[in-house]
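Okay, structure first, notes after.
The values are calculated or read from the model by the stated rules, or taken from the named source; none is laboratory data. None of these values were measured; they are calculated from a predicted model. Virtual Cβ from ideal backbone geometry, glycine too; neighbours counted across all protein chains shown.
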Amino acid sequence: MARRQALEPFNSLVSMFFTRAAEKGDKPFLSAKRDGAWQHVSYADAARQVAALAAGLRRIGLQPGDRVMLVSENRPEWLIADLGIMAAGCVTVPTYITNTVRDHSHILANSGAKAVIVSSQKLAQQLVPAVILAPDCHHVISIDEIRRAQSEAEFHRWHELTRDGDVQTIRTQAAAFRREDLACLIYTSGTGGAPRGVRQHHGMILHNCAACVDVIANDFGWDEEVFLSFLPASHAYEHSGGQHFPVSLGAQIYYAESLEKLAANIEEVRPTIMVVVPRLFEMLRQRILKQMEKGGALTQHMLKRALAIGQKRYDGHVPVWDLPMDLILSQTVRKRVQAKFGGRIKAMVSGGAPLNPEVGIFFSSLGLTFLQGYGQTEAGPVISCNRPSVGIRLDTVGPPLLNTEVRIAGDGEIMVRGENVMHGYWNNPEETARVLQDGWLATGDVGHFDDHGRIKITDRKKDLIVNDKGDNVSPQRVEGMLTLQPEIAQAMVYGDRRPHLVALLVPEAEYADAPDLQQRLAKAVDRVNAELSVIEKVRRFIIADAPFTTDNEMLTPSLKIRRHMIRATYGERLDALYGGGGAKS
């Protein structure tokens, strides 16, 4: 494909897909490993399946505007289902595979979904009981074979619904869609309570695609791109950035086998762009440091030099006397690290949670380009992103994207306006009115612009800890510093309307059974406290009973901590720290 500097306008995500499918033809599009080998679905074959599914959904009685829930792990059928639902004129309702029966029941009832698509028997176990109780859901479509429950809902097999379909007919019908038409309802991950359905229209995601194409085309060059998908496709970040953005580029998408096999998959697939979350690279940083420790004195020395020179480059200047060593490092340490990431990564785009600048500088020093972005589901989700042409500063989230307006309100809140802003929450006019103000989205984030027009986020309004003296403390900043310590895997700080901060700590697995764990953690906290102001220092801590996970509902699927869930479990013990309990630091 000839390199272009801008994405041509489309009326819908469906039209964009069919255009790319016509251009790419039999070239690979979606790839997954089955029976130990990567199996590929071409653009042309995916287009036939999308058209067939759209025709099949209409055949069983679904009408334009009907909602269809999609419950599946990341796999080629996920994106085919998403596009097929939209091609039928319906609305995709993607949900997390970690959802419980209660979660599914809430979304089915709130969205009024008429049908569900589910990938496997394992996921059907949590979904089908909710379908039985949902008065509006009349169809269950299974990608793999599942047991059919006794229910008023009709059960259909994926291969039967995707057997017959005419691409040209469905593509012609899709030409009548509009950018303002509802494409999907994405339910927020619920860091503060029950999920709300964000009404994402076609233009909202297309705006994100065009703006991200602008970054790639003009800062890196747009070629034959390869993505490796591993974040939940049901999350807005992966849905736009890891599914539809690759379509806009005419790229190939590989689906990782699992988080455990991600490192091996990266080496095999050799992606050019990766959509990532900070937690993954915090873990990889610790792993690399431990490997380097085992590598002997020379290896450790080379790493220290790489990090020192990387810091100087980040600060703006590498002295001439460091250039010979810089060249040696590029041929040794950096080359080995780049090979672990496939050897052709253009950029890793980090989002979903704040990235500690130290982590970003670490990987930049080892030759990998980190672009920290910022956004939220209500904005498509991408609002801004670092880019080399402006200068990458990892304590910022870069300048606003193309055709995205950002202003800072009087109280410091970041306000966003553009086609990427949602039309509101589904069936929730009160919350819609609260966050949409005269066309501007009130993000709930606090920040400012730096001298180069990059956004610097200082905190979330609702997550600020206000101590008993009225001082504001950023919990994310303190938590980020704590989790950079090798002994600490996860952390939550606590102290609203209290005289000082306390913390709940999850130790790294290798230290969890150490007889001197309390002392090790205390020393780690002391190291962090030495870098903090008086009001930010952690005075006492307790150790969590178990790691924060999506299974125990203490992490969202995008790996952000659910403060309200953690407080519900540990609140009394955290409160007891103010009476002198726990470990002192």
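Against the test of being in contact with a strand residue (DSSP E or B) (Cβ under 8 Å, 6 or more places away or on another chain) and crowded, with 24+ Cβ neighbours inside 10 Å, the options Leu53, Leu70 yield a single qualifying residue, Leu70.
To keep it simple, each residue is scored yes or no on (1) surrounded by fewer than 21 Cβ atoms within 10 Å (Cβ to Cβ); (2) in a loop (DSSP other than H, G, I, E, B); (3) touching a Leu at 6+ places or on another chain (Cβ under 8 Å).
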position: Pro515; (1), (2), (3): yes, yes, no
position: Arg520; (1), (2), (3): yes, no, no
position: Asp526; (1), (2), (3): yes, no, no
position: Ala546; (1), (2), (3): yes, yes, no
position: Thr549; (1), (2), (3): yes, yes, yes
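For first residues located in the range 431-450 and under 17 Å from Gly418 (Cβ atoms) and touching a residue at least 60 places away in the same chain (Cβ under 8 Å), partners that are of a type in the set (S, T, N, Q) and surrounded by 13 or more Cβ atoms within 10 Å (Cβ to Cβ) and lie 6+ apart or on another chain with Cβ distances below 7 Å form the pairs Thr443/Gln376.
Kindly establish whether Val502 is at pLDDT 95 or above and under 24 Å from Phe363 (Cβ atoms). No; evaluated as a whole, the condition is false for this residue. Among residues of the range 141-166 that are within 21 Å of Phe18 (Cβ to Cβ), those with a beta-carbon under 6 Å from a residue that is assigned to a loop (DSSP other than H, G, I, E, B) at least six positions away or on a different chain give the pairs Trp158/Ile143.
Note on the range 436-473: residues that are of a type in the set (Val, Ile, Thr) and over 21 Å from the mean Cα position of the chain (by Cα) total 3. Report yes if Leu127 is buried (at least 22 other Cβ atoms within 10 Å of the Cβ), assigned by TED's automatic domain parsing to the domain that holds Asp66 and either touching a Pro at 6+ places or on another chain (Cβ under 8 Å) or among the hydrophobic types (A, V, I, L, M, F, W, C) (or both), otherwise no. Answer is yes for this residue. Of the numbered criteria (1) of a type outside the set (A, V, I, L, M, F, W, C); (2) in a strand (DSSP E or B); (3) modelled with pLDDT under 95, the one Gln200 fails is (3). With respect to (1) in contact with an Asp or Glu (Cβ under 6 Å, 6 or more places away or on another chain); (2) among the basic types (Lys, Arg); (3) without any contact (Cβ under 8 Å) to a residue 12 or more places away in the chain, the lone exception for Lys114 is condition (3). Filtered by the rule that a residue be under 27 Å from the mean Cα position of the chain (by Cα) and assigned to a helix (DSSP H, G or I), the range 16-48 gives Met16, Phe17, Phe18, Thr19, Arg20, Ala21, Tyr43, Ala46, Ala47.
Among the residues of the range 257-271, those that are surrounded by fewer than 22 Cβ atoms within 10 Å (Cβ to Cβ), assigned to a loop (DSSP other than H, G, I, E, B) and touching a residue at least 40 places away in the same chain (Cβ under 8 Å) comprise Glu257, Arg270. Across the range 66-92, the number of residues qualifying as within 18 Å of Ala134 (Cβ to Cβ), assigned to a helix (DSSP H, G or I) and not hydrophobic (A, V, I, L, M, F, W, C) comes to 0.
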